[in-house]
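As structure tokens, the structure follows; a few thoughts come after it.
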Amino acid sequence: MQSKQSKQSKQSKKTARRQITIPRRIDLKKATQVRIVASLALVALGATGVAQAQQSDMSFFVTSAGPGKGADLGGLAGADKVCQSLAQAAGAGAKTWRAYLSTQGAGAVNARDRIGRGPWVNAKGVVIAKDVAELHGANNLIKQTALNEKGQVVNGSGDSPNMHDILTGSKPDGTAFPGPDDMTCGNWTSSGKGSAMLGHGDRTGLNDSAEAKSWNSSHPSRGPGGGCTQDDLKSTGGNGLLYCFAAN
């Protein structure tokens, strides 16, 4: 009788141990999964933090979009507002941002004179140029470094759609064009007739000429809409994009 009770007692203890052990294994598995998820979240948060920190230090970018009205940017003030708004959205709004644009005629403005002294770095922290002289000489502005404010590469020659034409209205040295020929689409107020000098953000063109590889003075805009419409800018490989520089 005692032997039978002893066997039943041992069996009950084994059952009890199994009942206790199984939930613990399940809990351990869940706890491990929670720790893994938490670790991945921390890694992602860390990467986001690094990206945000880099963008807050950013002092140069190509706009991810333009106003959508061709070369009518609302003048220099409107163009600067585009740069400032996009920089603000990217976490770099504490700086004063200026569009790299020249104007013509009475009171002409040189693009090189309105962008500060440098150095300028992109959203990934890569130096584009250390000063104005280097920017208009042997700079580090190529497709892989001419990033937009989000840190993304801008479509260039061979991509679909090509958007490497950047509005500048400037000569290679960053100064305004003299004479009567319109190179700024009416000082950035026309979305119809006119013309604007464009640079190639990817430093690539139809040939190996200096103009085709120029980041700021490659060729004028043109098209059936008059030369300054959004469709005209798209027809030669653009989208009304700008270079933006932190002036302080």
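What follows draws every value from the coordinates through simple rules; no lab data is involved. This is a predicted model, so every value here is computed, not measured. Here the Cβ is made from the backbone with ideal geometry for all residues, glycine too, and neighbour counts use every protein chain on show.
Nearest 0.05, what FRET efficiency do Asp181 and Ser85 give at R0 = 25 Å with Cβ-Cβ as r? It comes out at approximately 0.20. Here the extension length gained between Arg117 and Ala133 equals 4.8 nm, from 0.36 nm per residue of separation less the Cα-Cα distance.
Amide H contacts for Ala92 (H built 1.01 Å from N in the peptide plane; partners 5 or more residues away or on another chain; cut-off under 5 Å): none found. Considering every Cα-Cα pair within the stretch 109-217, what fraction, in whole percent, is farther apart than 21 Å? Result: 39 percent of Cα pairs exceed 21 Å. Descending by average beta-carbon neighbour count within 10 Å, the peptides 148-154, 195-201 line up as 195-201, 148-154, the highest first. Distances between placed amide hydrogens fall under 5 Å for Leu241 paired with Leu167, all partners being 5 or more residues away or on another chain. Here the 3J(HN,Hα) profile of the stretch 228-241, calculated from phi with Karplus coefficients 6.51, -1.76 and 1.60 at θ = phi - 60°, is 10, 6, 4, 5, 5, 5, 5, 5, 9, x, x, 7, x, 7 Hz, Gly and Pro shown as x.
Can you sort Arg117, Arg98, Arg112, Arg222 so the residue with the fewest Cβ neighbours within 10 Å comes first? Don't skip to the answer; put the middle values down first.
Numbers: Arg117 10, Arg98 23, Arg112 20, Arg222 16.
Going from least to most buried by this count: Arg117, Arg222, Arg112, Arg98.
Under 1.5 on a/c is rounded, so check that first for the stretch 72-150, then, if it is not, pick prolate when a/b is larger than b/c and oblate when it is not; a ≥ b ≥ c are the square roots of the alpha carbon gyration tensor eigenvalues. Here the stretch 72-150 falls in the oblate category.
A simple spin-label model places pseudo-atoms 7 Å from Cα toward Cβ; at Leu206 and Val126 they are separated by 2.8 nm.
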